[in-house]
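Structure first, then comments.
The values are calculated or read from the model by the stated rules, or taken from the named source; none is laboratory data. Keep in mind it's a predicted model, so treat the numbers as computed, not measured. When we count neighbours, we look across all protein chains shown, and the Cβ atoms used for this are built from the backbone with ideal geometry, even at glycine. In case anyone asks, the SASA skips ligands and DNA or RNA and just uses the protein heavy atoms, side chains included. Shrake-Rupley method; radii C 1.70, N 1.55, O 1.52, S 1.80 Å.
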Amino acid sequence: MRDTLFLLDKIRFPAIRRAKLETLQVNVGYRCNQSCFHCHVNAGPNRTEEMPGAVADLVLDFVKRRRIKTLDITGGAPELNAHFRRLVRGARALGAKVMDRCNLTILEQPGQDDLAVFLAEQQAEVVASMPCYLQDNVERQRGKGVFAGSIRGLQKLNALGYGRDPALVLNLVYNPQGPSLPPAQAALEADYKRVLGESYGIVFNKLFVLANMPIQRFGSTLVSKGEFDGYLGLLQDAHLDANLDGVMCRNLISVDWQGYVYDCDFNQMLGLPLLRDADKRVHLSDLLDDDIDGNPIRVAGHCYGCTAGQGSSCGGALKEAAE
Ligand code: SF4
Ligand code: SF4
């Protein structure tokens, strides 16, 4: 796979600083039952990195001590981590909202038969990747059989009340198939609701529209096809300063499976750690009694993926009315 960091690091991006920390996003490991083309984590069945119990304990301690509002759990398929359910239960018991970034097909994997019921009992918000409502497009990006498995997963969640009961939130995530900007979120959400509702009886709360990041597998493919500069140019041309205030790294930190801290999940995947005090790499244990509000954020060319057009964050478009 081709590295894109040396290309991204040459591109200037406006300086931004952290605001109040509200969300702790933890990547509990890179193992996944799928190997999607656009995966910015380069996750797959053969990855072995997995957050150990001691780091999971630290995460819960941090949620408690820093009164974190939201624990956002991602991977890989985060549910494959042995400590996933302990993290969910622990954070919910502390009053935090929990988000599970779920690939849907995990709900049918061996040993996960009760996963959907567990998530519903804990009232964990499910954020599920669904890059299109058409089978061909989903399977080109995510692999054969993934569309039908995803539909069954959504139906299972709906049967438990997800998407209907206000306490059981089900949001879907869309990203473009290739090197283009995502379409307007509100219009695409209406299309998804109509097609998935009419064809499969599926209901959900919101569609989050995300731009593809020019890193990992997707970035490498752009370089191989000679499309890297064109895609970066597209993102830069569409950049809006107004989106800078809303980028997710201002209120979130991303923690890797070993407990090291990054400004966001993309920086984690690029190996760009959050820095303080003359390049000292920060561990979550360093921040139990110390805050980082006002800290400069590590930016590079990929950050235009967050500020182009309607903007893009782990919660979808920053400005739904744009475009
Ligand atoms: S399901 Fe998600 S984590 Fe797994 S390979 Fe696909 S994009 Fe990556
Ligand atoms: S890529 Fe990460 S650091 Fe850059 S603007 Fe987006 S969230 Fe912030």
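Of note, residue 61 satisfies the criterion of being open to solvent by 40 Å² or more (accessible area, probe 1.4 Å), touching a residue at least 60 places away in the same chain (Cβ under 8 Å) and either part of a loop (DSSP other than H, G, I, E, B) or under 30 Å from residue 293 (Cα atoms) (or both). Restricting 290, 241 to residues that are without any contact (Cβ under 8 Å) to a residue 60 or more places away in the chain, more than 16 Å from ligand 1 (Cβ to nearest atom) and open to solvent by 40 Å² or more (accessible area, probe 1.4 Å) narrows the list to 290.
Applying the criterion of at least 3 residues that are polar (S, T, N, Q) to the helices (runs of 4 or more DSSP H) found wholly in segment 91-165 leaves 135-142, 146-159.
Give me the residue from segment 20-58 that is of a type in the set (Val, Ile, Thr) and open to solvent by less than 30 Å² (accessible area, probe 1.4 Å) and, out of that set, nearest to ligand 1 (Cβ to nearest atom).
The extreme case among them is 41.
Take the conditions (1) within 15 Å of ligand 2 (Cβ to nearest atom); (2) farther than 27 Å from residue 29 by Cα; (3) surrounded by 21 or more Cβ atoms within 10 Å (Cβ to Cβ); residue 228 misses just one of them, which is (1).
If only residues of segment 246-274 that are within 14 Å of residue 293 (Cα to Cα) and part of a loop (DSSP other than H, G, I, E, B) are counted, the one that is nearest to ligand 1 (Cβ to nearest atom) is 263.
Residues that are under 18 Å from the mean Cα position of the chain (by Cα) and of a type in the set (Asp, Glu) within segment 234-258 comprise just one, 256.
Residue check: is residue 96 open to solvent by less than 40 Å² (accessible area, probe 1.4 Å) and farther than 23 Å from residue 266 by Cα?
Against the criterion (open to solvent by less than 40 Å² (accessible area, probe 1.4 Å) and farther than 23 Å from residue 266 by Cα), residue 96 qualifies.
The residue that is nearest to the chain's Cα centre (by Cα), counting only those in segment 133-145 that are open to solvent by 10 Å² or more (accessible area, probe 1.4 Å) and under 22 Å from residue 76 (Cβ atoms), is 142. Residues that are among the acidic types (Asp, Glu) and over 17 Å from residue 272 (Cβ atoms) do occur in segment 21-38.
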